[in-house]
1. Taking θ = phi - 60°, what integer Hz values does the Karplus form 6.51 cos²θ - 1.76 cosθ + 1.60 yield along region 104-110, in sequence order, with x for Gly and Pro?
2. Can you tell me the length gained on complete extension of the stretch residue 38 to residue 181, counting 0.36 nm per residue apart and subtracting the Cα distance?
3. I need the peptides 35-46, 19-30, 51-62 ranked by packing, meaning the mean over residues of other C-beta atoms within 10 angstrom, with the highest value on top.
4. For the chain, what is the relative contact order in percent, using Cα pairs closer than 8 Å and at least 6 residues apart in sequence?
5. Excluding residue 88 itself, what net charge comes from residues whose Cβ is under 10 Å from its Cβ, given Lys and Arg +1 and Asp and Glu -1?
6. How tilted is helix 188-203 with respect to the longest principal axis of the chain? Cα atoms for both, answer in degrees (0 to 90, nearest 10).
7. What translational diffusion coefficient, to the nearest whole µm²/s, does the chain have by Stokes-Einstein, given a Kirkwood radius computed over alpha-carbon pairs, a temperature of 25 °C and 0.890 mPa s viscosity?
8. Which lysines, on any chain, are close to residue 126 with Cα under 28 Å apart, when same-chain ones fewer than 8 places away are left out?
Amino acid sequence: MDTLTIQDFKKMLQAALEAVRAREQEFSELDAVTGDGDHGTAIVQAMTSVVEAAGPAQEFKQMFNDISFNIMLQTSGSTSTLLGGFFLGLADHSSGESMTADQVKQAFMGALDGVKKQTKATVGDKTMMDALQPAVNAIAASTSGNIAEIMQEGAAAAIQGAKATINMKANFGRARNYGEKSIGFMDSGASSWSCMFNAFAQALQ
C-alpha cells in the first residue's frame, strides 16, 4: 500500500486497543516487578480514550490533536503523558486525509520527538523508549515504499527492543531503585508499546 488513509489509521488504533486489552494482566504483572502493578490497566484505559477520540475525526491533524487532548482529560500518570506526547508529535507532522510512505515516516519521527519532550529516558534505560526508538528508527530507515511493509519493519524492531530489556538494569523512574533485581524481566512499558506497534502492522495486512 502506497497510501495510508485516516480510516486505515483508525483500524490501527482499534487493533492496538484490542491487543493491549488481551495482554492487560501480563503488562500489570511485569509492572509489579519494579512498580505498582497497574500498567496493564493504565495502557488499556489510555488506548480506550484514544479510540473514542479518533472516531469522529475526518483528517489526521484534527484526529491526533483530539486524541492527545482526550488522553490528558480522561487519564493520568506517565502512560497518558507519554501517549499524549506521541499523538501531539503525530499531529505536528501530519495533515489531510491520507499519507504517503514518506509522510508516514515523518509523522512517526515527529511522534518520537513528542515523547522525548515528556521524558529524558533513552534506549538502554529499560523503559518504553527501548521499543519506541528502535521502531521509529526502523520506520525512518526503511527503503520500502509499501506502508504495510514499513510498519512491519517498525514492529519487528519494537519487539526486538522490548526483548532486549530483559537483560537490562533499570536506570530510570521508580524501577531504578530495584537495581540488579530489575534484571531478568521485560519492561512493562517496552512490552506494551511493542505490542501496539505490532498491532499497527497487523492491521494493515
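1. 4, 4, 5, 5, 6, 5, x
2. Taking 0.36 nm per residue and subtracting the Cα distance, the gain is 49.6 nm.
3. 35-46, 19-30, 51-62
4. Dividing the mean separation by the residue count of the chain yields 25 percent.
5. Local net charge: -1.
6. The angle comes out at about 30 degrees.
7. It comes out at roughly 148 µm²/s.
8. 105, 116, 117, 163, 169, 181
Each value in this text was obtained by applying a stated rule to the coordinates, not by laboratory testing. Nothing here was measured: the structure is a model prediction, and the numbers come from that model. Don't worry about glycine lacking a Cβ; one is built from the backbone with ideal geometry, like all the others, and counts go over all protein chains shown.
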